[in-house]
Amino acid sequence: MSKDYKKFFTGLLVLNLICLVTPDRIVYKLRKSDRYFWSEKPLDLSHFRIWENAESDTTAMVHPMITGQISKVYNYPAAVLFTSDEIGKSWIDTASFDDSSEDQRALSELLEHEKRHFDITEIYRRKAQDSVNQMIFSSYMEKYKVIEYFFAISDSIQHVFDSESEHGLNAEQSEKWNELMARELYKNP
């Protein structure tokens, strides 16, 4: 066998190994650089588009969603799902916060509250992923409906969370939700 063929086949073998060992999750994240993906890290101001004096009663807004791709050709993995947000879509009005320790604490609590919205979506993303992973020979549409179902539950829980915690202003209820979400995230990593 000539040297050119050996180089070609060696290169082909290396390429196949890279494709085999590079998880779909990494490839998806690399392709979607316009998204912020859920992580255990707290949110900071860099996640948000900064508004000052927004004409609204709302101080901040995040838009967590379940994104990813569903396998159409083969069934492993059945789907690769993420909790994400488009970079620049979430916003925060910083005009009501100054450098005082009280305002900085309030800002920190607001960021924690907004992070909890991501956590709720992540909890239901994991449930959707678990369900879809069990759907071995299901159609694309059947898998999509399961994901849609869990996102709808997540969305309704978001409203309950905001209502009970009074958008993060009720410290007792916020702590209750923090404990609940920490348990749920730990239970299903």
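Every number in this text was worked out from the coordinates using simple rules, so none of it is lab data. This one's a predicted model, so the numbers in the text were calculated from it and none came from an experiment. Here the Cβ positions follow ideal geometry from the backbone for every residue, glycine too, while neighbour counts run over all protein chains shown.
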3J(HN,Hα) from dihedral phi, region 156-166, Karplus parametrisation 6.51/-1.76/1.60, rounded to Hz, x for glycine, proline:
5, 5, 4, 5, 5, 4, 5, 5, 5, 8, 6
Over region 34-187, how many pairs of lysines fall under 22 Å by alpha carbon, counting only those 8 or more apart in sequence or from different chains?
17
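Given the Cα atoms of region 122-189, and with Rh set as the inverse mean 1/r over their pairs in the Kirkwood sense, what is Rg to Rh to two decimals?
Taking Rg over the Kirkwood Rh, I get 1.10.
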Exposure-ranked with fewest Cβ neighbours within 10 Å first, Phe8, Phe37, Phe161 stand as Phe8, Phe37, Phe161
With 0.36 nm assigned to each residue of separation and the Cα-Cα distance removed, Ser33 to Lys3 gains 6.9 nm
